[in-house]
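Everything on this sheet refers to the single structure shown next.
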Amino acid sequence: MLIYLLVWSWIFGLNVWFSSADTFEQEEMWYHHESDTTGISQLVASLIEGADDDSVRLDRIFEYVTGTITYDREAYRAGNKRINQSISEILERKRAVCWGFSQLITVMCREAGIRSWSVVGYTHSRYGIDENFDYPDHAWNVVELDGKYALLDATWAEANPTDRDRLFRALPREFIQDHFPVLPMFQLLPCPVSFEEFVNSNVALEDRDSCHFSVRDSIRAFAELTYVDQKVKESRVAMNDNPSEKNRSNLGHTLLDRAVVDKEAADSLMDNDQATGAPVLYGESLSDFRSGKKLTTLYPWQQEAFGFAWLNYGMSLYRNVPSPNKSDRDQIVTAFKEAHGILSGIEVPGFAIKQAISMIEENLAILE
């Protein structure tokens, strides 16, 4: 009877993979522009036609972005909530907030064969912009040209054309005066400035070249991380430097994002009869869910994902040990109880959640 119920549950309920229109996976797809490869490729190809080196290609891309895209005042008035959901929308609307500017630069540079990173951080007031040190609220770019790194801020350059030369391939020692990246290697300085020094406008760069900080090694190590791990690293550093409530919440949500990514990877293993590796991934997912929950409030879809992670974790344990001993059985029971507690707490449960709760209760009655 136990086997029948577990198998029946797997077919009809426990493998109902969580999905949402606003998942981290779609954010990553937006970042990598996978949905608009043809359009952006054609645009970049036309812009860089005849350019004989990366420096000229970068100049053309920067000129196009700062000359075509304007700052999205509508999004700014809405609290910097991004309206664009893809690179194609930025190009269609010809408006973006700083994150959109930096992402467009990154995507276009990569199409042109230039390595680029979108950088988030803090800024000192310029051009009438209010200062905010509660959380990183600006984005710009670091690019690699001929083995060297360069800084550029397309958002500020668009708004202030007379400052273009200062903001394009900017000198690190000048740029740090009003741009502080969360990740220190993106200062491009041999001895990075601290957050406190920046906030207090005490950026003294003399006699700071004795550090043994490797910008190149740090950027290369960062580039080897997955996108979600990069965002977690970025959020951890922001939280450590500046433990504001906003940074605390942002770290929580990046951990929850990674939890969903790992859960979906484990779900995929289960769905393809590769259950052996699933418990480890579910375990990593649940660890991030728990850590994220301590730092921020879960959205309903995150709570749902958390519950199904526990549920599918229990199923993965059973599939790896079809004849569980007492210890195995206790682990499965714990997973099911955790899933039941979380899913039962969802205020407006859908059919899948109701079905899962019912099946958990039936299986717990047998297991216990």
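Structure notes:
- All of Ile366, Ile353, Ile346, Ile342 fail the test of being of a type in the set (A, V, I, L, M, F, W, C) and more than 30 Å from the chain's Cα centre (by Cα), apart from Ile366.
- Met270, sole failed condition from (1) buried (at least 19 other Cβ atoms within 10 Å of the Cβ); (2) at pLDDT 95 or above; (3) not charged (D, E, K, R): (2)
- Total residues in region 329-361, condition in contact (Cβ under 8 Å) with a residue 24 or more places away in the chain and surrounded by 14 or more Cβ atoms within 10 Å (Cβ to Cβ): 18
- Applying the condition of being β-branched (Val, Ile, Thr) and touching a helix residue (DSSP H, G or I) at 6+ places or on another chain (Cβ under 7 Å) to region 225-263 and asking which residue is nearest to Pro184 (Cα to Cα) yields Val232.
- Count of residues meeting criterion [under 17 Å from Ser118 (Cα atoms) and in contact with a Lys or Arg (Cβ under 6 Å, 6 or more places away or on another chain)] in region 179-197: 0
- Residues of region 313-348 satisfying the condition of being over 22 Å from Thr276 (Cα atoms) and either modelled with pLDDT under 90 or not assigned by TED's automatic domain parsing to the domain that holds Thr297 (or both): Val348
- Criterion applied to Val280, Val237 was being closer than 19 Å to Tyr122 by Cβ, without any contact (Cβ under 8 Å) to a residue 60 or more places away in the chain, in a helix (DSSP H, G or I) and outside the structural domain of Glu144 (by TED's automatic domain parsing), and the one residue passing it is Val237.
- Residue identified as under 15 Å from the mean Cα position of the chain (by Cα) and either assigned to a helix (DSSP H, G or I) or outside the structural domain of Val182 (by TED's automatic domain parsing) (or both) among Leu269, Leu255: Leu255
- Criterion: surrounded by 14 or more Cβ atoms within 10 Å (Cβ to Cβ), in contact with a strand residue (DSSP E or B) (Cβ under 8 Å, 6 or more places away or on another chain) and either free of Cβ contacts under 8 Å to residues at least 24 places away in the same chain or over 30 Å from Thr66 (Cβ atoms) (or both) - qualifying residue of Ala154, Ala170, Ala259: Ala170
The values are calculated or read from the model by the stated rules, or taken from the named source; none is laboratory data. Because the structure is a prediction, the values reported are computed rather than measured. Note that we place each Cβ from the backbone using ideal geometry, even for glycine, and neighbour counts take in every protein chain shown.
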